[in-house]
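Please read the structure below before turning to the comments.
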Amino acid sequence: MADVALIGNPNTGKTTLFNSLTDKYAFVGNWTGVTVEKKVGTLKDSDIQVVDLPGTYSLNPLTKDEAVVTNYLLANRPDLILNITNASQLKRNLLLTIEVLERGLPTILILNMIDDLRRSGQTYDLDLLSQRLGCQVTTTNARGHQGISQLRQQIINYQDVAHHRLQLDYPPMLKQAIRQATEALHDDYHYDNATARWLAINFIDQSRAIRAYAKSHQLAPLLKQAAYYDAQKFSKQIYETRLTFIEQLLKDAAQSAVSNEPQLTSKIDKVVTNPILGLPIFAGI
Ligand code: GDP
Ligand code: MG
Ligand code: K
């Protein structure tokens, strides 16, 4: 049975989307240790399980409630992540998207509330977004049930969604620290490369959730190397690199909505098996 995880900022339409994707009878409980509601449902006419995760702005959580998503990704390996965003607030929403894509799992980026964006006379070049981010991009109006059947089909074909490994061009010293920690975790602890890199970046970014995980799993290379990190500086560089990437991306992808009927889905959906790592934007470390 496949697992699909819904991840996004608060108020982006996660629950609305969850309800229109899943059967009526969802399991509702609480995440361990927090008061946040846990909802698990089944994609209609399938045995694919959909998990509605609490809204969060970052995988480097500030609060215990936000840590639910990071801890979920530490303990589970969903077959597919649906990263839902408010299409009119991409600048803020894409910070989480980058963190999600760095996890290196198959991911579909959903620009929800596309009705609001269109009403404002704007749209985005979905192919460009898709190419630069290296993931499928789909638009929905969850409240108006638009784009849902298309998304449903993409979820059913989750095995065709490529593993994404967005690799931002972090400054050299930071890049080197990430590479060293990644290699150690890969060689000594047999984490796959994407997971190792994700742990490394977030450890360096002083994520409390990842640091607790590293401690409890005795990930010595991370803990030992930490002594050599200029953590403050690296955190700042991580944030600034991400923000610069997003600003450039949105500048390049912005279009006015007048030209033609907006597409519902990016073309990359049809070529998902192509290795995305070859694209020039992925400055591999
Ligand atoms: P969550 O916090 O991410 O679970 O978001 P909700 O599903 O609770 O939705 C937040 C609000 O946005 C609700 O009022 C929804 O009706 C509304 N909403 C959800 N999807 C859309 C959409 O595609 N377009 C518009 N205009 N509103 C939406
Ligand atoms: Mg909700
Ligand atoms: K709204």
Cβ pairs under 7 Å, 6+ apart, first in the stretch 139-160 and at negative phi, second of a type in the set (Asp, Glu) and within 9 Å of ligand 1 (Cβ to nearest atom): Asn141/Asp115; Gly144/Asp115
Verdict on Leu62 being of a type in the set (A, V, I, L, M, F, W, C), modelled with pLDDT of 90 or more and either farther than 22 Å from Ile238 by Cβ or more than 14 Å from ligand 2 (Cβ to nearest atom) (or both): no
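If I go through the stretch 67-94 residue by residue, how many of them are small (Gly, Ala, Ser), at pLDDT 95 or above and surrounded by fewer than 20 Cβ atoms within 10 Å (Cβ to Cβ)?
1
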Tally of residues being outside any helix (DSSP H, G or I) and surrounded by fewer than 22 Cβ atoms within 10 Å (Cβ to Cβ) across the stretch 95-104: 1
Of all residues in the stretch 83-114 being under 18 Å from Val51 (Cβ atoms) and among the charged types (D, E, K, R), the one that is farthest from ligand 3 (Cβ to nearest atom): Arg103
Those residues of the stretch 117-138 which are over 20 Å from the mean Cα position of the chain (by Cα) and either buried (at least 18 other Cβ atoms within 10 Å of the Cβ) or without any contact (Cβ under 8 Å) to a residue 24 or more places away in the chain (or both), in sequence order: Leu117, Arg119, Thr123
Residue match in the stretch 38-52 (condition: part of a loop (DSSP other than H, G, I, E, B), touching a residue at least 24 places away in the same chain (Cβ under 8 Å) and more than 18 Å from Thr22 (Cβ to Cβ)): no
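When you go through Leu109, Leu82 one by one, which is the residue that is of a type in the set (A, V, I, L, M), within 16 Å of ligand 2 (Cβ to nearest atom) and within 17 Å of Asp3 (Cα to Cα)?
Details: Leu109 fails: within 16 Å of ligand 2 (Cβ to nearest atom).
Just one listed residue meets the conditions, Leu82.
Let's see how each residue does on (1) surrounded by fewer than 19 Cβ atoms within 10 Å (Cβ to Cβ); (2) touching a Gly at 6+ places or on another chain (Cβ under 9 Å); (3) within 30 Å of Val50 (Cβ to Cβ):
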site	(1), (2), (3)
Asp169	yes, no, no
Glu183	yes, no, no
Asp192	yes, yes, yes
Ile210	no, no, yes
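The values are calculated or read from the model by the stated rules, or taken from the named source; none is laboratory data. Values in this document were obtained by computation on a predicted structure and should not be read as measured data. All Cβ positions, even for glycine, are placed from backbone atoms using ideal geometry, and neighbour counts span all protein chains on display.
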